[in-house]
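Visitor: Got a structure for you, questions after.
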Amino acid sequence: IDKWKQNNALVCGVPSSGINFGLGFANSLGLEYSQFLKKRADYPWRTFILGSNDKRLEACRKKFIVEGDDIKDKIIILIDDSIVRGNTVSYLIKYIKQFNPSEIHFISGSPPIKYPCNYGVDFPDIEELIANRIPVEKLADHYEIDSLTYLDVEKLMDTKNNVCNACFTGNYMF
């Protein structure tokens, strides 16, 4: 964190799901927040619910815009609410690298998703979840970034009692 402060790191939330996480993170650590990653106003869908990887990647290309003038040679801390299959993270990192930041760190506002949701969220089969295909400690290398951090499931449970955590732990309430 000290290195981030000394080097004027920029925090950016992935639209729209990571913006509140990013703002809270930046505010709590006294880091600069910059919404250099934007979602096109005419793109309303969530990419993770589309039927194939090709459709999801095409949706990412249509969905996001980077205003990259201010990120060259900066430490970038990108924050989203979760990582499901990993397609969006992979696309965004490649896209942001085109603007030559000095470092990229990714933070997930949830623990690794390892199990399907049986309560109405359209998560994929267990084999499609990135946290089941690649060990969490190797994901930063997989994405070729400086670090990747997930919220710890115990810390999540400490914040609120009776939170459904089935997609993180496999412990289903019903």
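The values are calculated or read from the model by the stated rules, or taken from the named source; none is laboratory data. For clarity, every value in this text was computed on a predicted model and none was experimentally measured. Note that we place each Cβ from the backbone using ideal geometry, even for glycine, and neighbour counts take in every protein chain shown. To get the accessible areas, we keep the full protein, side chains included, count just its heavy atoms, and leave off ligands, DNA and RNA. Shrake-Rupley method; radii C 1.70, N 1.55, O 1.52, S 1.80 Å.
Visitor: Just checking: which of the helices (runs of 4 or more DSSP H) contained wholly in the range 110-174 hold 3 or more residues that are within 17 Å of residue 81 (Cβ to Cβ)?
Guide: The qualifying helices (runs of 4 or more DSSP H) are 153-159, 166-169.
Visitor: Here is a further query. Just give me the residues in the range 15-60 being loosely packed, with under 11 Cβ neighbours inside 10 Å, in a helix (DSSP H, G or I) and either at pLDDT 95 or above or among the hydroxyl-bearing types (Ser, Thr, Tyr) (or both), in sequence order.
Guide: 28
Visitor: Follow-up question, since we're still on this one. Please go through (1) modelled with pLDDT under 90; (2) in a strand (DSSP E or B) for residue 78 and return the number of the only condition it doesn't satisfy.
Guide: Against the list (1) modelled with pLDDT under 90; (2) in a strand (DSSP E or B), residue 78 comes up short only on (1).
Visitor: Report yes if residue 100 is under 22 Å from residue 6 (Cβ atoms), more than 15 Å from the chain's Cα centre (by Cα) and part of a loop (DSSP other than H, G, I, E, B), otherwise no. Break it down into steps so the answer makes sense when it comes.
Guide: Working: under 22 Å from residue 6 (Cβ atoms): yes; more than 15 Å from the chain's Cα centre (by Cα): yes; part of a loop (DSSP other than H, G, I, E, B): yes.
Considered against the rule, which asks whether it is under 22 Å from residue 6 (Cβ atoms), more than 15 Å from the chain's Cα centre (by Cα) and part of a loop (DSSP other than H, G, I, E, B), residue 100 comes out as yes.
Visitor: Being of a type in the set (S, T, N, Q) and surrounded by 14 or more Cβ atoms within 10 Å (Cβ to Cβ) is the filter; apply it to the range 93-122 and report the residue that is modelled with the highest pLDDT.
Guide: Applying the filter and picking the extreme gives 108.
Visitor: Could you pull out the residue among 69, 125, 146, 73 that is open to solvent by 40 Å² or more (accessible area, probe 1.4 Å) and either over 19 Å from residue 36 (Cβ atoms) or hydroxyl-bearing (Ser, Thr, Tyr) (or both)?
Guide: Values: 69 fails: either over 19 Å from residue 36 (Cβ atoms) or hydroxyl-bearing (Ser, Thr, Tyr) (or both); 146 fails: either over 19 Å from residue 36 (Cβ atoms) or hydroxyl-bearing (Ser, Thr, Tyr) (or both); 73 fails: either over 19 Å from residue 36 (Cβ atoms) or hydroxyl-bearing (Ser, Thr, Tyr) (or both).
None of the other options fit; the residue is 125.
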